[in-house]
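Structure first, then comments.
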Amino acid sequence: MNTTPASSVEMKDVHLAFGEKEILSGINLSVPQKARLVILGQSGGGKSTLLRLILGILRPTKGEVTFKGLTVSRMSRLRLNRMRQKIGMVYQYSALISSLSVRDNLALPLEELTRKSRDEIDQLVDEKLELVGMADARDKMPAELSGGMRKRIGLARGIIMDPELILYDEPSAGLDPVISSVINELIISLSEKIGATSIIVTHEMDSAFKVATHMAMLYQGTIIAADTPERFKNSDNPVVAQFIAGETEGPILQAPQKT
Amino acid sequence: MQRSPSPIRTTLQHLSSVVWLLVDTGKEMGDRMMRGRLPFRFSIFFEQTDRTGVGSIALISLVSFFIGLTMALLTGYQLQTFGQERLVPGLVGISFTRELGPLMTGIMIAARIGAAYTAELGTMTVSEEVEAIEAMGIGPLRFLVGPRVLAVFFLLPCLVVVSNFTAMSGAALISRWAFDIPFTRFIDTALDSMLIRDIIAGTIKSFLFGLIIGLVSCYKGLTVKGGAAGVGNATTSSVVTAITTVIGFDTLCNIVLVALFDT
Ligand SMILES: Nc1ncnc2c1ncn2[C@@H]1O[C@H](COP(=O)(O)OP(=O)(O)OP(=O)(O)O)[C@@H](O)[C@H]1O
Ligand SMILES: [Mg+2]
């Protein structure tokens, strides 16, 4: 029972279909503890869907997803809620609660799930806002913020519970280069200081290679390559090479469109 | 080729989903309380009770007042031809306490509050807010659905009382003016003709209708698909479904009550 599994998240032959349309067809992936895994993949390829499977928001049509050795798809609603408290999710489109102020958005999980006092909560909120450079937005409503600002608040909310596993869905998309680097450094320092495992979905190659300790490429519903960043850079897999170089010539666009 | 599922089957599926929504919400709240914490934020609960209850008093009173008045007037004129207009207070009293009060209030609350719940939760669903709450492990059912369902559940019966009183006032007023029934006699005859059984039936119905409206509207909101248009469709469908379900259960209740007590 108490053996600590070597990998934080593991996916075994995971399939997922929306109706007739199969999005993921046999994902095998293992994320070691404390790793920073960058997942690359085409737009619409199912990266966000993959993260939802880890959180248990979607259930695989076949195969299994485990978190710390426990099968996510077999957990009851209450067990899932407990598991999710150990996972932070940074949404692609922020997903802030629009009726709550920035402060209340960040405070929400703390107020609901911990027994911290108001002062402690305020202190934590300020601390995390500081980390993402948004200290002056504390009392604003989400609607008053720009997309990039919302994204950073979303990130701050994702890490507020000091999670063991952090899922970043395109954390630096739409941010200026300086903030983007700040976010990259934040991702690295979070994993080094707290020892959190991170899964990062991104399209930006620079930041991908900056933060990754592991890399995986999702293509046509399967993980076609999983390796270290160095070997990814020099990969002779034509899909990976084309994706990293961002070339128009190659297998990616020529492949028949899956519908 | 995909065959569209039969309407009976989809109805049964929706019905079981609504029942599961109730069960899961109860479980989430129960789990919370076992840990010695409040099942949901009372500030949200009070916000909803304020909106559902206090906010609806004007509408309910106005509509019930006029319906009570009209009913007394119309039945009064008919009964007057037989010299039986003294039956008016009992007639209005019985109709409202056991039937019209809960039914009218249910319909108005489904339109006013059920629609709001669906639109709110639907918008939150579409913008991934509900999912984010779920992903944090907060439990969107206890956090969002719990306080809303409980607010209508407890407030609908209170509004039914308001509806009954205003309807009786409307009837009393018109009876005094059109049929020369003094207020004191109106109250006495009304009280004499009303039965405890009718009042209990009305109360049970009120709680039941509140539960139905709360669950249906939250269910419709949480299952919205397809952006702004989806929220619009869900809201319409929520009001229609809640009203028809309320009327359906009302009929069912009446049949059961008549079968049990043969009145
Ligand atoms: N709830 C849903 N119902 C039906 N289809 C869906 C649903 N969510 C996603 N899809 C489909 O699944 C596919 C993968 O979506 P997903 O959001 O995971 O892509 P992605 O890799 O994150 O893309 P992007 O990089 O553009 O964010 C898409 O083709 C999308 O149409
Ligand atoms: Mg995505």
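Determine whether region B:246-257 contains at least one residue that is open to solvent by 30 Å² or more (accessible area, probe 1.4 Å), closer than 30 Å to B:GLN48 by Cα and not in a helix (DSSP H, G or I). Scanning region B:246-257 turns up no residue that is open to solvent by 30 Å² or more (accessible area, probe 1.4 Å), closer than 30 Å to B:GLN48 by Cα and not in a helix (DSSP H, G or I). Taking region A:92-117 as the range and being in a loop (DSSP other than H, G, I, E, B) and within 15 Å of A:MET161 (Cβ to Cβ) as the test, the residues that pass are A:THR114, A:ARG115, A:LYS116. If I filter region A:118-132 for residues that are open to solvent by less than 10 Å² (accessible area, probe 1.4 Å), part of a loop (DSSP other than H, G, I, E, B), away from every other protein chain (no Cβ under 14 Å) and farther than 24 Å from A:LYS12 by Cα, do I get at least one hit? Yes, that holds for at least one residue. Listed by first and then second residue, the pairs with beta-carbon distance under 7 Å, at least 6 apart or on different chains, first residue in region B:215-229 and of a type in the set (Ser, Thr, Tyr), second open to solvent by 20 Å² or more (accessible area, probe 1.4 Å), are B:TYR219/B:SER17; B:TYR219/B:VAL18.
Could you look through region B:130-142, keep only residues that are facing chain A (nearest Cβ under 7 Å) and either open to solvent by 10 Å² or more (accessible area, probe 1.4 Å) or touching a residue at least 24 places away in the same chain (Cβ under 8 Å) (or both), and pick out the one that is farthest from the chain's Cα centre (by Cα)? The qualifying residue farthest from the chain's Cα centre (by Cα) is B:MET136. The number of residues in region A:35-51 being within 15 Å of A:GLY88 (Cα to Cα) and in contact with an Asp or Glu (Cβ under 8 Å, 6 or more places away or on another chain) comes to 2. Being of a type outside the set (Val, Ile, Thr), surrounded by fewer than 20 Cβ atoms within 10 Å (Cβ to Cβ) and on the phi > 0 side of the Ramachandran plot holds for only one residue in B:ASP192, B:ASP188, B:ASP180, and it is B:ASP180.
Screening region A:1-66 for strands (runs of 3 or more DSSP E) wholly inside it with 2 or more residues that are more than 25 Å from A:ARG77 (Cα to Cα) and open to solvent by 40 Å² or more (accessible area, probe 1.4 Å) returns the ranges A:21-32. The residues of region A:133-168 that are within 14 Å of another protein chain (Cβ to nearest Cβ) and assigned to a helix (DSSP H, G or I), listed by number, are A:PRO142, A:ALA143, A:GLY147, A:ARG150, A:LYS151, A:ILE153, A:GLY154, A:LEU155, A:ALA156, A:ARG157, A:GLY158. For region A:67-114, enumerate the residues that are of a type in the set (Phe, Trp, Tyr), under 30 Å from A:MET141 (Cβ atoms) and either crowded, with 18+ Cβ neighbours inside 10 Å or more than 7 Å from every other protein chain (Cβ to nearest Cβ) (or both). Answer for region A:67-114, where residues must be of a type in the set (Phe, Trp, Tyr), under 30 Å from A:MET141 (Cβ atoms) and either crowded, with 18+ Cβ neighbours inside 10 Å or more than 7 Å from every other protein chain (Cβ to nearest Cβ) (or both): just A:TYR91. Taking residues in region A:34-48 that are within 14 Å of chain B (Cβ to nearest Cβ) and near ligand 2 (Cβ under 10 Å from one of its atoms), and partners anywhere that are open to solvent by less than 10 Å² (accessible area, probe 1.4 Å) and part of a strand (DSSP E or B), the pairs with Cβ atoms closer than 6 Å and at least 6 places apart or on different chains are A:SER48/A:ASP169.
When B:ARG142, B:ARG148, B:ARG176 are checked against the criterion of being in contact with a helix residue (DSSP H, G or I) (Cβ under 7 Å, 6 or more places away or on another chain), basic (Lys, Arg) and within 24 Å of B:GLY230 (Cβ to Cβ), a single residue qualifies: B:ARG148.
Would you confirm whether any residue within region A:169-185 is within 16 Å of ligand 1 (Cβ to nearest atom) and of a type in the set (Val, Ile, Thr)? No. Taking the conditions exactly as written (closer than 30 Å to A:LEU110 by Cα and touching a residue at least 40 places away in the same chain (Cβ under 8 Å)), does B:LEU121 satisfy them or not? So B:LEU121 passes the test. Restricting B:THR118, B:THR125 to those that are away from chain A (no Cβ under 14 Å), open to solvent by less than 40 Å² (accessible area, probe 1.4 Å), part of a helix (DSSP H, G or I) and under 30 Å from A:ILE54 (Cα atoms) reduces the list to B:THR118. Out of all the residues in region B:195-211, which are closer than 30 Å to B:LEU21 by Cα and open to solvent by less than 20 Å² (accessible area, probe 1.4 Å)? B:ALA201, B:GLY202, B:LYS205, B:SER206, B:PHE209, B:GLY210, listed by residue number.
The values are calculated or read from the model by the stated rules, or taken from the named source; none is laboratory data. Just so it is clear, the structure is predicted and the values come from calculations on it, not from any experiment. Counting neighbours? That spans all protein chains shown, and the Cβs are built from the backbone with ideal geometry, glycine included. Calculation scope for accessible area: heavy atoms of the full protein, side chains included, ligands and nucleic acids excluded. Shrake-Rupley method; radii C 1.70, N 1.55, O 1.52, S 1.80 Å.
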